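Everything below concerns the one structure shown next.
The values are calculated or read from the model by the stated rules, or taken from the named source; none is laboratory data. What you see is a predicted model, and the numbers here were worked out from it, not measured in a lab. When we count neighbours, we look across all protein chains shown, and the Cβ atoms used for this are built from the backbone with ideal geometry, even at glycine. Heavy atoms of the whole protein, side chains included, go into the accessibility calculation; ligands, DNA and RNA do not. Shrake-Rupley method; radii C 1.70, N 1.55, O 1.52, S 1.80 Å.
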Amino acid sequence: MTTGAPTPTYPVRPRRSRMRTFLPLGVAAWLVLEIWLLTVVAGAASGFAVFLLLVAGFVLGSVVIKRAGRRAFQNLNEALQRGGAPSSSGSSGNGLMMLGGLLLMIPGLISDAVGLLLLIPPVQKAIGRYAERTFDRKLREAAPGTLGDAFQQARMQRPDGKVVQGEVIVRDEPGDDTPQEPRPPLTR
């Protein structure tokens, strides 16, 4: 039965990304696999051996995080004394070392294996290069008005290598070169 009233239009919900769809499923599968692997190892060896393995992973992870943090702080301190930015060559592996230490501290054998893998320097370099390429590609693909576009605009480099935050305004009209009157200072 039609009454002549317009049908209500509801806004279309945006489609969820694959990451938002499958990330909870992946985390749940990872947790189930970790627990299953711990019970298998406890059945093969003993519960005490698994406990010692988890404690050793926690201690090793805390040592790795502490060492990476000290190294990052030293790089920052040296850069401040020089008066420049921290060198990317010395600090490139600190973030991945901290992530590896964090994974070692999380209880589980799979996270320990991935954490130990992240402590190997060639793996760190490969993952760092991949992450940098992916980040640069995502910045180039950023649509106008997005956060990536804003980051791209604010990341202008001077000829001496220093990064200057700001936005470049390009005037296409040829008549815009006229000098303007000086503006009064801003006061409250």
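Annotation note: of Pro24, Pro14, the sole residue that is exposed (fewer than 11 other Cβ atoms within 10 Å of the Cβ) and at pLDDT below 90 is Pro14. List pairs: first residue in the stretch 100-126 and at negative phi, second residue aromatic (Phe, Trp, Tyr) and open to solvent by 20 Å² or more (accessible area, probe 1.4 Å) anywhere in the structure, Cβ distance under 6 angstrom, at least six positions apart or on different chains. Cβ pairs passing all conditions: Met105/Phe58.
None of Gly43, Gly84, Gly57 is part of a helix (DSSP H, G or I) and either more than 13 Å from Leu109 (Cβ to Cβ) or polar (S, T, N, Q) (or both) except Gly43.
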